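These notes concern the structure reproduced below.
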Amino acid sequence: HPHHDDKVHQNYIGTHLRVFGTRTRCIINAMSKRRKPLQDEIRLLERLIEKANIPIVSPDWKDSLLVQSMEDGGMGSLLLFPKSDVAERRSFGRVASEVEYTDDDGIPVLVSLNLDKEGALFEVDSWKVDFSSIKRRPEDI
């Protein structure tokens with residue numbers, strides 16, 4: 001339903017503008033917990049990168065990628081560190097791609113792949129419209 005998608009996206013943008021200061025503090029507090037991505041996170045990233053349809057990553061991106069869970073109430077957002085020399089103090093550049101899916105409890109989830117100002121992988125931003133924890137990552141998007 002195009003109308004539904006537009007409403008979800010407008011709510012997403014409005015909510016993120018309101019909580020931007022809080023999100024920044026959450027990101028800073030979580031800086032020390034980097035890890036290799038899980039298989040379902042890799043699958044989601046592969047889909048988002050494919051959907052972006054632009055050369056945003058090197059062919060061996062999976063080998064050097066580290067991720068860090070963001071403190072977002074269990075919605076599944078991740079900071080992305082594509083190589084070990086990526087600066088700590090990066091900032092949002094643009095949205096590269098988005099997918100929407102319905103979680104197992106029937107609630108829509110919008111997932112965005114964001115790049116930093118230099119065009120490197122920056123974050124996977126997951127937003128469940130009722131702010132509850134996600135039940136599963138999408139497999140069929």
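Go through segment 43-115 and name the GluC sites (Glu not before Pro) that are in a DSSP coil and have 12 or fewer other Cβ atoms within 10 Å of their Cβ. Display every interim value, and only then the final one.
Numbers: sites: GLU46, GLU50, GLU71, GLU88, GLU98, GLU100; in loops: GLU71, GLU88.
Listed in order of number, the matching sites are GLU88.
Quick check: pseudo-label points 7 Å beyond the Cα along Cα→Cβ at LYS62 and ILE107, how many nm apart are they?
3.1
Name the trypsin sites (Lys or Arg not before Pro) in segment 100-141 that are in a loop by DSSP and that have at most 15 other C-beta atoms within 10 Å, would you? Mind showing how you got there, number by number?
Numbers: sites: LYS117, LYS128, LYS135, ARG136; in loops: LYS117, LYS135, ARG136.
Of the trypsin sites (Lys or Arg not before Pro), the ones in loops of segment 100-141 whose Cβ has at most 15 other Cβ atoms within 10 Å are LYS117, LYS135, ARG136.
Assuming a ≥ b ≥ c are the square roots of the Cα gyration tensor eigenvalues, decide whether segment 37-141 counts as rounded (a/c under 1.5), prolate (otherwise, with a/b larger than b/c) or oblate. It would help to have the intermediate numbers written out before the result.
Values: a/c = 1.78, a/b = 1.56, b/c = 1.14.
Prolate, since a/c reaches 1.5 and a/b exceeds b/c.
Using a simple spin-label model with points 7 Å from Cα along the Cα→Cβ vector, what separation in nm is obtained for SER91 and SER132?
3.7
Rule-based calculations on the coordinates, nothing more; no lab input. Quick caveat, the model's predicted, so the values are computed rather than measured. Glycine also receives a Cβ, built like all others from the backbone with ideal geometry; neighbour counts cover every protein chain displayed.
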